[in-house]
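A short write-up of the structure that comes next.
What follows draws every value from the coordinates through simple rules; no lab data is involved. Bear in mind that the values here come from a model prediction, so they are computed numbers and not experimental data. With ideal geometry, Cβ positions are generated from the backbone for all residues, glycine too; neighbour counts draw on all protein chains shown.
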Ligand code: ATP
Ligand code: MG
């Protein structure tokens, strides 16, 4: 089968190393092999927060992050939810295919609710995975590079596709998740590295910002550095981060650091991260907001054409 890749992020802040090792690195590889759609999920921002005034800036920044890591707009279609009404219209038939209790059981929805800063949970939060099914299925996506937190959502997308096909005839292929080298990178506080939890190293962070963030990361009092994920999660997390950036095993790095303690560990991590981010920062500095706007306009147009065709197919299948 010829795969179609679909993946995306919410414009809620700068992309971080978790995105890179969870999903972006795979995207850069996959764009050479398959048609690829990259979604800037702007409508999903209002799932769990008030639409920030800086949504446009976040959107532009997200696009610049994509280009900086090497996503090539000549190969990939980068687009926004808000520009593709036909994609959002798929929500209607899709919502009728899942039950309220199925949505309520979704562990990622539960986790997002736990971290929400809003006083009440919005209806959009419950329909989040169904919206995501529309994101994936509008382009008949089959391969979805995501982090581990997205697996329950992907199950919903498969469920929706399967039930739609059963009820109305074969329209959608069943999408598969594709996890990266690090499906769940932890942040500097030990929780999932997230844009909105203040624990992330952004791909656009300067050298000094990166150093300051790592300096503040928690460690423990033992001088001898060892890689023990259960017993010493904070130290293990820093070693993992450095290992990913250097393409080396964390155990090996621990042995080299030996009894250098937290100070040496943090120096090694800071150098590794800064070295890794150097070419990404350099590419980003060469880009302008004008580039971003032009690329997005082109991507929106291409994605919309695709969505129009799928929606038409859906309406025919449903007998409208
Ligand atoms: P927010 O805090 O606003 O939800 P986020 O950091 O969780 O932001 P998303 O835009 O929700 O980022 O996620 C985009 C993609 O990146 C998803 O595929 C998600 O699985 C992946 N991802 C996010 N954080 C990590 C992480 N720490 N490790 C691996 N993958 C991640
Ligand atoms: Mg998230």
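Based on the Cβ-Cβ distance from residue 215 to residue 302, what FRET efficiency comes out when R0 is 35 Å, to the nearest 0.05? For R0 = 35 Å, the calculated efficiency reads 0.20. Over the residues of the chain, the helix contribution to mean residue ellipticity at 222 nm works out to -16000 deg cm²/dmol, using -39500 (n - 2.57) for each DSSP H run of at least 4. One decimal place: the segment residue 313-residue 275 gains 8.8 nm when fully extended, by the rule 0.36 nm per residue minus the C-alpha distance. One Cα centroid belongs to region 143-218, the other to region 24-103; the line between them spans 12 Å. Compared with the dominant Cα axis of the chain, that is its longest principal axis, helix 261-285 is turned about 40°. Modelled label positions at residue 267 and residue 57, each set 7 Å beyond Cα in the direction of Cβ, lie 3.7 nm from each other. The long axis of helix 151-168 is offset from the longest Cα principal axis of the chain by roughly 10 degrees. Across the chain, C-alpha contacts under 8 Å between residues 6 or more apart give a mean separation that, scaled by the residue count, equals a relative contact order of 24 percent.
Largest GNM mean-square fluctuation among 72, 149, 259, using the chain with Cα springs under 10 Å: 259. Angle of helix 55-69 to the longest C-alpha principal axis of the chain, folded into 0 to 90 degrees and rounded to 10: 70°. Each Cα pair under 8 Å and six or more residues apart adds its sequence gap; the mean of these over the residue count of region 184-274 is a relative contact order of 27 percent. Here the gap between residue 320 and residue 100, fully extended at 0.36 nm per residue and compared with their Cα-Cα distance, gives a gain of 76.7 nm.
Distance between the pseudo-spin-label points of residue 249 and residue 285 (7 Å out from Cα toward the beta carbon): 3.7 nm. Taken along the Cα-to-beta-carbon direction at a fixed 7 Å, the label points for residue 119 and residue 223 span 5.4 nm.
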